[in-house]
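Novice: What follows is a structure written as structure tokens; I'll ask about it next.
The values are calculated or read from the model by the stated rules, or taken from the named source; none is laboratory data. If you're wondering where the values come from, they're calculated on a predicted model, not measured in any experiment. Methodologically, a virtual Cβ is constructed for each residue, glycine included, from the backbone with ideal geometry; neighbour enumeration extends over all protein chains shown. Note: accessible area is taken over every heavy atom of the protein model, side chains too, but ligands, DNA and RNA are not part of it. Shrake-Rupley method; radii C 1.70, N 1.55, O 1.52, S 1.80 Å.
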Amino acid sequence: MVQNVMVMMVLAGVLIGCSPTVKVQAPSEPININLNVKIDHEINIKVDKALDNIINKSGLY
């Protein structure tokens with residue numbers, strides 16, 4: 001009986017000693033986020049012919 005208790009205590013000590021630990025620490029170097037973004041846009045303007053003639057005659061474009 002005493003031997004069983006001793007074995008249980010030794011096994012409990014071994015299991016407690018081998019338990020994994022989790023540590024939360026700040027990284028030693030800064031976090032670098034590289035964003036390669038390409039933005040393309042296209043603007044289409046549609047006007048009727050009468051308005052197009054007025055704009056061309058007035059020299060706006």
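Novice: Reachable lysines from Lys46, Cα under 18 Å, same-chain residues fewer than 8 places away excluded?
Specialist: Result set, ordered by chain and number: Lys57.
Novice: Taking the Cα-to-Cβ direction at Leu51 and at Val7 and moving 7 Å from each Cα, how far apart do the two end points lie in nm?
Specialist: If labels sit at Leu51 and Val7, their model points lie 9.4 nm apart.
Novice: Same structure, new question: How long are the semi-axes of the equivalent ellipsoid of the chain, taking √(5λ) for every eigenvalue λ of the Cα gyration tensor, in whole Å from largest down?
Specialist: Semi-axis lengths for the chain are 84, 15, 6 Å.
Novice: Okay, helix-only estimate at 222 nm for the chain: each DSSP H run of n ≥ 4 adds -39500 (n - 2.57), divide by all residues, round to 500 deg cm²/dmol; what do you get?
Specialist: Roughly -13500 deg cm²/dmol at 222 nm, from the helical runs in the chain.
Novice: Per residue, how much accessible area does the chain have with a 1.4 Å probe, in Å²?
Specialist: Using a 1.4 Å probe on heavy atoms only, each residue of the chain averages 114 Å².
Novice: Right, here's the next one. For the chain, take the longest principal axis of its alpha carbons; what is the angle in degrees between that and the long axis of helix 49-58, to the nearest 10 within 0 to 90?
Specialist: 80
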